[in-house]
Structures are given as C-alpha cells and as structure tokens.
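Enquirer: Structure below; questions to follow.
The values are calculated or read from the model by the stated rules, or taken from the named source; none is laboratory data. This structure is a prediction, so every number in the text was calculated from the model and none was measured. As a convention, Cβ positions derive from the backbone with ideal geometry for all residues, glycine included, and neighbour counts pool all protein chains shown. Remember, those area values only see protein heavy atoms, side chains included, never the ligands or the DNA or RNA. Shrake-Rupley method; radii C 1.70, N 1.55, O 1.52, S 1.80 Å.
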Amino acid sequence: MRFDSLIIGGGLAGLVCGIRLAEEGLRCAIISRGQSALHFSSGSLDLLAELPDGTPVTSPLNALEALNKQAPEHPYSLMGAENVRHFAAESEALLARCHLNLQGSYQQNHQRITPLGTQRATWLSPEEIPTATLGWKRITVVGIAGFLDFQPELVAGSLAENHIEVRTAELTLPALDTLRNNPSEFRAANIARVLDMPEQQRLLIDELKALAINTDGLFLPACLGSEDSQTWQAISRQLPCPLRLLPTLPPSVLGMRMHHQLRRRFLQLGGIMMPGDAVLRTQIEQQKVTAVFTRNHAEVPLQSNNVILASGSFFSNGLEAKFSGIREPIFGLDIRAPEQRDAWCKEDFFSPQPYLQAGVIVDEHFQPRLNGQRIENLYAIGSILAGFDPIQQGCGAGVSMTGALHVARQIIDNHGGNA
C-alpha cells in the first residue's frame, strides 16, 4: 500500500497533521497503536503558560524571545517565533473546521477553573469550562452520588478562598444505579452515555432546577456530551442559571470528544485510520524510509513519500526507559536525555522532572537523525520531541499542534501545494 504521507501515532499531533495534509488532497494514513492520550486530557489546550525559569506567561507570543534565550532547543525556538504565531492562528482555524467550540486566543492566556477549584493558565478551553472571569458571587458545586472521580468539596474549598459563597450538593439520578452498583464502571464516559439519552436529560434537568435556587451558577462534573456539546447546550437552555462543567479524572469526556471530532474530520477528508495496529519494523535505504511493516499488515509493506513520527512520549510508548538508557523504539533515533539514570528525576515530586525533557533530537525542519545522519523523508512531531517540559511550561498541546502544522506545510510545499 502506498500513501503520500504515513503518520505513526493517532494523538493530537498525528491527527492535526493528517487533517491538514488531507485538506490539501494528499493521501494520508495514520497508524494508531492504542488509546489516544487525548482520552486522558482535560479538553483544554496549552500554548505556553510558564518559562523554564518559572516566570508566568500571560501573552505566549511576547514570551517567545525570552524562551529562546532560556531554552534554545525548545521546539518553539527551533521553529521560530513567526512560525509559532502563524501556526497557532492556523491551529485555531483548523479546530473550528472540526466543529470544536473553544474559548480563548493565542494572543493571551486565560485562567480556567481546574477540577480542584484552582486556576490554571491555558490557551483554549471547551466553551462549557468555567474561567476566572465568571464574576459570580454564589456557586453551587454539584456532585453525583457514588461518583468518586469528582469531589465537590475540594472544588468548593478552593473557590471559597476567592471570597465566593460556595455550597455543595449531590445528584441522585436513579438511572445511574446500574453503573453505581459496579464501581469499576462508574466512570465519566459511561455516565455520559446514559445522560446523553433524551429521556434521561429530562430527569437531570428536574434535579438541577431544584438546585438552581439562590445561586448564580452550577458547576457539574463533565459527564455530558460524548459526541459534541449539544447535550450541555440543550440542558443549559432549560435552567434558570448558567451551567458549567469541570473535567473529571480520566478517561475524560471532554478529551474523548476532542479526539472523536478530530478523527471524524480526518475520515471525512478521506484519511485512512489503522486503529489497533503497531509498527513492527522499518526499512531504510539511501537515507530514506522505504517501507513500514505493521502487526496487522504482516509482510505487506506500507510505503510513503513522507513518514511522520508522532508516537508520543513515555505514556504512549513513543519513548522507552531502559536500564541502558532512554530510547526511541521504532527507528532508534538519536535521543537527548540525561546520561546518568539518577539524573532523570528529582526527589521533590513537584519539581520539574528532567526526564520530561528527554526526546528525539530534531533540526529546525523537525527532521530527526539516526546515528547523526538525517533521514530525508522522516519528520518527528508532538511529545516525542526533546527540549521542553509540557507540565512545567504548559506547552504540550501547542508544541503538538504548531509542530504538526509546521511539518504539514513543508510537505505540502514540497508536493507543489499553495497552502
């Protein structure tokens, strides 16, 4: 089988790159090994929230010069400030084409309310996520009886520190009793499947109306809208006060929904998904990837003009930590990582951890090297890249999306496109 582009990894970076290439009419396939890391995300996307020295960032674009001085090997520094600005704007447009209704702008971070009731600087958030500009004085945080992945008391405690009058309440929702009796199944995604049914929405609205008295707004765990935000919109219209949703512990409905909508857009454009498949070996000749062999296609080689490695970091097995060191398992690409194993981590759990900046070394075109030599038709994008800490710097989604579009642009230009 032959493609214009073959992407290894079906997370945020892989899907965004695939969508952009497919929009230009390129024949594109994505090999997706397992569950997307998006299922474990909050649904919000970070661009740059903090510099390596700990300085908070309000305007990501204005912080890029300082970032370049502090971290010249950061993917943003390699890409260049003008490309970051261009592809951040293009990311927002692409997400809108996927019918993802998000609030925020690359021009300035906003503060979203976290599941702990604290605030976190971010780039884009689903429209139902509460932000720090609500201006409400009385909030009711509503839990679901027996649901342990969301704790209203924790949210209420943090909100109360900001001089907000907060009370907690609990929904009973007898329709959830079957799930409630099986704690391992009583998760946000399964609750959403029940509450998305129209007959159950009426019962939910009745319970919420009883709680929407003497309050400026309701906070509910994000257990609505597996496919889109229409369920939340329909319920909100029936209530006398605004309803906002807070992410829960994974699997996250908001993250799953984002993955679903990106994947749907890719398939609508004619992209080919290979779910549950995994790369077993590759063939490289004359500094080019000439074939990729996968578990499901046995001895039938997948051939492509370009190969994009978007297999993720340690969480997705895109990187492996062995006693001998950190390695990239598919191609064996050159890695940047602390040489000594005891330097991978710091004892303080909350300190920036050095191993998070380990990853594949790339140049300004996001092309990696194998034994010091560039593979001409191979690119790397997303969290597999070296040189950044997605947790401390709050830039994981931004690196994934802008990097994906940076590579897509080069492939399109080389293909003769005019994007």
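Enquirer: If you go through the range 296-318, how many residues are over 24 Å from residue 411 (Cβ atoms) and either modelled with pLDDT of 95 or more or part of a strand (DSSP E or B) (or both)?
Expert: 0
Enquirer: Quick one: how many residues across the range 1-20 are closer than 25 Å to residue 254 by Cα and more than 15 Å from the chain's Cα centre (by Cα)? Walk me through it before giving the result.
Expert: Initial filter on the range 1-20 (closer than 25 Å to residue 254 by Cα): 7-20.
Filter once more, keeping what is more than 15 Å from the chain's Cα centre (by Cα): 7-8, 18-20.
Of the residues in the range 1-20, 5 are closer than 25 Å to residue 254 by Cα and more than 15 Å from the chain's Cα centre (by Cα).
Enquirer: Can you spot a residue in the range 353-365 that is open to solvent by 60 Å² or more (accessible area, probe 1.4 Å) and in a loop (DSSP other than H, G, I, E, B)?
Expert: Applying the first criterion (open to solvent by 60 Å² or more (accessible area, probe 1.4 Å)) to the range 353-365 yields 355, 357, 364-365.
Now drop any that are not in a loop (DSSP other than H, G, I, E, B), which leaves 364-365.
Yes, there is a match, as at least one residue in the range 353-365 is open to solvent by 60 Å² or more (accessible area, probe 1.4 Å) and in a loop (DSSP other than H, G, I, E, B).
Enquirer: Given (1) over 26 Å from the mean Cα position of the chain (by Cα); (2) assigned to a strand (DSSP E or B), identify the lone condition not met by residue 321.
Expert: (1)
Enquirer: Given the conditions (1) without any contact (Cβ under 8 Å) to a residue 40 or more places away in the chain; (2) surrounded by fewer than 17 Cβ atoms within 10 Å (Cβ to Cβ), report the number of the one that residue 326 does not fulfil.
Expert: Just one mismatch for residue 326, condition (2).
Enquirer: Of the conditions (1) open to solvent by 10 Å² or more (accessible area, probe 1.4 Å); (2) in contact with a helix residue (DSSP H, G or I) (Cβ under 9 Å, 6 or more places away or on another chain); (3) modelled with pLDDT of 95 or more; (4) over 18 Å from residue 392 (Cβ atoms), residue 115 satisfies every one except a single condition; which number is it?
Expert: Here residue 115 meets the rest and fails (3).
Enquirer: Among 182, 190, which is the only one that is closer than 30 Å to residue 18 by Cβ, open to solvent by 10 Å² or more (accessible area, probe 1.4 Å) and either in contact with a Lys or Arg (Cβ under 9 Å, 6 or more places away or on another chain) or at pLDDT below 95 (or both)? Quick ask: steps written out before the conclusion?
Expert: On the way: 182 fails: closer than 30 Å to residue 18 by Cβ.
After ruling out the rest, the residue left standing is 190.
Enquirer: Which is under 20 Å from residue 5 (Cβ atoms), surrounded by 18 or more Cβ atoms within 10 Å (Cβ to Cβ), touching a residue at least 12 places away in the same chain (Cβ under 8 Å) and out of contact with any helix residue (DSSP H, G or I) (no Cβ under 8 Å at 6 or more places or on another chain), of 307, 300?
Expert: The match here is 307.
Enquirer: A further question follows. For the range 138-148, state whether one or more residues are open to solvent by less than 70 Å² (accessible area, probe 1.4 Å) and out of contact with any helix residue (DSSP H, G or I) (no Cβ under 9 Å at 6 or more places or on another chain). Quick ask: steps written out before the conclusion?
Expert: Let us first name the residues in the range 138-148 that are open to solvent by less than 70 Å² (accessible area, probe 1.4 Å), namely 139-147.
From what's left, out of contact with any helix residue (DSSP H, G or I) (no Cβ under 9 Å at 6 or more places or on another chain): none.
For the range 138-148, residues open to solvent by less than 70 Å² (accessible area, probe 1.4 Å) and out of contact with any helix residue (DSSP H, G or I) (no Cβ under 9 Å at 6 or more places or on another chain): absent.
Enquirer: Looking at the structure I just gave you, is residue 251 open to solvent by 30 Å² or more (accessible area, probe 1.4 Å), under 19 Å from residue 149 (Cα atoms) and in contact (Cβ under 8 Å) with a residue 40 or more places away in the chain? Lay out the reasoning, then the answer.
Expert: Numbers: open to solvent by 30 Å² or more (accessible area, probe 1.4 Å): yes; under 19 Å from residue 149 (Cα atoms): yes; in contact (Cβ under 8 Å) with a residue 40 or more places away in the chain: yes.
So residue 251 fits the description; yes.
Enquirer: Also: Name the residues in the range 67-91 that are surrounded by 19 or more Cβ atoms within 10 Å (Cβ to Cβ), touching a residue at least 24 places away in the same chain (Cβ under 8 Å) and not polar (S, T, N, Q), would you?
Expert: 71, 74, 75, 76, 78, 79, 84, 87, 88, 90
Enquirer: Now, a different point. Can you find even one residue in the range 254-263 that is within 30 Å of residue 215 (Cα to Cα) and either open to solvent by 10 Å² or more (accessible area, probe 1.4 Å) or among the polar types (S, T, N, Q) (or both)?
Expert: So far as the range 254-263 goes, yes, one or more of its residues are within 30 Å of residue 215 (Cα to Cα) and either open to solvent by 10 Å² or more (accessible area, probe 1.4 Å) or among the polar types (S, T, N, Q) (or both).
Enquirer: The conditions are (1) surrounded by fewer than 21 Cβ atoms within 10 Å (Cβ to Cβ); (2) in contact (Cβ under 8 Å) with a residue 60 or more places away in the chain; (3) closer than 22 Å to residue 91 by Cβ; (4) not hydrophobic (A, V, I, L, M, F, W, C), and residue 376 fails exactly one of them. Which is it?
Expert: (3)
Enquirer: So for the range 255-275 (the condition being more than 21 Å from the chain's Cα centre (by Cα) and of a type in the set (Lys, Arg)), does at least one residue qualify?
Expert: No: the range 255-275 contains no residue that is more than 21 Å from the chain's Cα centre (by Cα) and of a type in the set (Lys, Arg).
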